[in-house]
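The values are calculated or read from the model by the stated rules, or taken from the named source; none is laboratory data. For clarity, every value in this text was computed on a predicted model and none was experimentally measured. All Cβ positions, glycine included, derive from the backbone under ideal geometry; neighbour counts span all protein chains shown.
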Amino acid sequence: MWRRAAACLVVTVLAVAVAVFGFAEDADAHGGVVLTLHGDGAGSVWVTAVWEDGHPVTEPIGMTMLATSSTGQRVGPAPLKRNGDAVTYSGTLMPGEWTVVADMGTPAIGRCEGVLHVAAAGATPAPDEKKCSPPPVSAAAAPPPGTSSSVSLSWIWYSLGAIAVLGALGFLFFRPARPAPKKRTEPRKARR
């Protein structure tokens, strides 16, 4: 029973590590994310996302949208769902002028804000599009002089964590077995 529980623990730890650290490295490799907010003019809203280096975002996307009309109506925050190369809002906005903010949480942090116009009934809808590039890296975020920004020592912490997990598992699997308690043997009583 303990071995089965330990095996489940190992698989869970490895899956979480790959999910968290694998996607983080992908985002670092591509740079920031470029979001483009689209509206068809009839109330449909969707967002497309590409990496700063031009590669498509193929990882799962976590994104929400908040829309506020010029008259004060609010829609959202509503989750956006992947639909092919875009993430879409499942509803439609009412006619009017809407300020739409799309926030991405995974696989990278991104934000796009734009004004979309939704045509009134009977009017010809005009599509809108707003492209939002990632914010530039500020000089304040630069490493202090004398340190290299290309050298990361995070692998040391990952290695120490893996050694600790393996040590705990080794203890569970290879600890000496306790001897079974001895049964007391009493002489049988004679039947009368």
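Taking the criterion of being over 31 Å from the mean Cα position of the chain (by Cα) and among the polar types (S, T, N, Q), the only residue of region 82-129 that qualifies is Thr124.
Scanning region 27-44 for residues that are among the acidic types (Asp, Glu) and not in a loop (DSSP other than H, G, I, E, B) turns up just one, Asp28.
Being part of a strand (DSSP E or B) and in contact (Cβ under 8 Å) with a residue 60 or more places away in the chain is the requirement here; does Val47 meet it? When the stated conditions are applied, Val47 passes them. Once region 91-130 is narrowed to residues that are farther than 17 Å from Gly72 by Cα and polar (S, T, N, Q), the residue that is modelled with the lowest pLDDT is Thr106.
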